[in-house]
Amino acid sequence: MLVTISLYAGTALIMFLFGWYIRKRVEKRKTDSMERLAESILAEAVEEAETIKNTARIEMEEESYQAKAKFERESNTARQESQRAEKRIAIREQNIERKADYVAKREQGIQKQLQSMQEREEKLSEEEERLEQLIKRQTEQLEQSAGMTTEEARQALLGNIQARIRAEAGQQARSIIEEARQNAEIEAREIITHAMQKYTLDHVTETTTSVISLPDNEMKGRIIGRDGRNIQAFEMSTGIDVIVDDTPNAVVLSGFNPIRREIAKLSMEKLIEDGRIHPGFIEQVVSKTQEEINDLIQDTGEQVLFDLGVTGVRPELAMLLGQLKYRMTGGQNALHHSREVAELAGLMAQELDLDVTLARRCGLLHDIGKAVDGGPEGAHGELGRAVAEKYGETPEVLGCISVTHENLDEASPMAVVVRTADALSVSRPGALREPLQKYVRRLREMERLVNSFEGVSSAFVMKAGKEVRVMIDHEEVDDLRAVQLATEIARKIQVRMEYPGQIKVTVIRQTRAVEFAR
């Protein structure tokens, strides 16, 4: 056992010694490698330091060279700039010297000119004095020879100049007025032509009588009735005269109220168709026809408003519009006339870029006063404005109703359009009729009005009252006064006379030279 223990102890000692030896060898090797590594690092450090030193020396030399080159370049640039500045200064000095010489020469020239001008002024003063004396002597000689003072001669000369200027102004005014009139006529003609090309309307001319056809002549006796009771009851109910004459198979209804005449006409036709003609039934038929006519009038007014596209009109005004269907003005149906004016006004407003709907409304209502009963003769403009204002029409419509029956001095463009459309409607050939006596009286009154002007030798109304030709005395009236006279005559006719459409005033001034050969 001890041997075994000894053996183990010896083995362990051997192993310990072997391990110690191995560790020493490893430590020695590590020490040698560390020394070699340190030597290599030191050698590399020395080499790198040498390299850095060389690089720094090269960079310093390069920077020194660059700085030297830059300094040389800057020095050269500064030297060149200095040379150029010196050259510019030298050139400026030369220019200044030349300018100084030029200024000196100019001063010398100006001095010479001043001296010459002074000499001329002195000579002119002497000449003016001589001329004044000469003019004074000549003026005295002229005054003595002409028998006029200087002031009188000046006044005579001014009078001649004023007359010449007045004549030239008259010619200029006449040419301007003529050019404006031609341009206005061309523009108005185009607008009116466009409006008339787009619109046509049939016109029906009615009278104050209506003829009722009868199936036979025996019906006349039934209409008259026993002792005339039927015809009397009919006339009392309708207010229309029934004329029964020798005309075969016809009776005539006569009355100036077109609505009552229409009621009487329809009532008579119903009675003839029914066959029962007696006072009680006549009153019943007339009363029923009255209601139908009122409905028809209302429908007619509303239909016209619908056709023209006019909205927002009170029913009372629509009723009055319908009544215009049974009103006549100089043989022209009032409703047809109002509708025509509305259409023409709308077309002209479209050409002039105005409100077309407003133009139609104004044109349709411009004669609404003719449907109002109880007003004075010729006052339908005031009545129309009052009734339109009563039923809430706008100021533009009221202005058109008033202006179309007055002058156009302060009219709006819409009122002028409506007035023009109204003149187109009433001045169309055959649109209006008037009694012969009234027509002749109007023409004679127009001639007397024109002859009342000073300088008018004679006046002639021509072309059915559409033109007035005025002959003037050429010795009393010059060309300028002739233009003014035409304007004054036209204005006075417009204010004093009532007429449809427009009247052309032509003033003629002519010079006649008469001599006899003996």
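The values are calculated or read from the model by the stated rules, or taken from the named source; none is laboratory data. Note that the structure is predicted; figures quoted are calculated from it, not measured. Glycine also receives a Cβ, built like all others from the backbone with ideal geometry; neighbour counts cover every protein chain displayed. Ligands, DNA and RNA are excluded from the accessible area calculation, which covers all protein heavy atoms including side chains. Shrake-Rupley method; radii C 1.70, N 1.55, O 1.52, S 1.80 Å.
At-a-glance table
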{"quantity": "Flagged links, alpha-carbon separation over 23 Å, of Lys30/Lys53; Lys466/Lys492; Lys220/Lys325; Lys370/Lys492; Lys370/Lys466; Lys325/Lys504", "calculated": "Lys30/Lys53; Lys220/Lys325; Lys370/Lys492; Lys370/Lys466; Lys325/Lys504"}
{"quantity": "nm² value of the averaged projected area, convex hull over the Cα atoms of region 1-71", "calculated": "5.5"}
{"quantity": "Highest to lowest packing among 484-490, 68-74, scored as the average C-beta count within 10 Å", "calculated": "484-490, 68-74"}
{"quantity": "Per-peptide average of other Cβ atoms within 10 Å, ordering 23-30, 413-420 highest first", "calculated": "413-420, 23-30"}
{"quantity": "Contour excess over end-to-end distance, with Cα ends at Thr209 and Glu93 and 0.36 nm allotted per residue", "calculated": "30.1 nm"}
{"quantity": "Listed peptides 8-15, 454-461 by packing density, highest first (mean Cβ within 10 Å)", "calculated": "454-461, 8-15"}
{"quantity": "Heavy-atom surface of region 332-374, accessible at 1.4 Å and reported per residue (Å²)", "calculated": "31"}
{"quantity": "Net lengthening on full extension, Ala386/Val495 (0.36 nm per residue, minus Cα-Cα)", "calculated": "37.0 nm"}
{"quantity": "Solvent-accessible surface ranking, highest first, for Leu365, Leu37 at 1.4 angstrom", "calculated": "Leu37, Leu365"}
{"quantity": "Size-normalised alpha-carbon gyration radius of region 231-293, reference 2.2 N^0.38 Å", "calculated": "1.03"}
{"quantity": "Pairwise FRET efficiency - Arg314 versus Arg229, Cβ, R0 = 45 Å, nearest 0.05", "calculated": "0.55"}
{"quantity": "Sequence-distant residues sharing a close amide H with Asp478 (under 5 Å, placed H)", "calculated": "none"}
{"quantity": "Shape parameters for region 6-131, alpha-carbon atoms, Rg then Dmax in Å", "calculated": "52.9, 176"}
{"quantity": "Region 273-358: projected area of the alpha-carbon convex hull, averaged over directions, in nm²", "calculated": "7.8"}
{"quantity": "Accessible area of region 216-258 belonging to carbon and sulfur atoms, whole % at 1.4 Å probe", "calculated": "48"}
{"quantity": "Calculated Rg and Dmax of region 214-348 using C-alpha coordinates, Å", "calculated": "18.0, 60"}
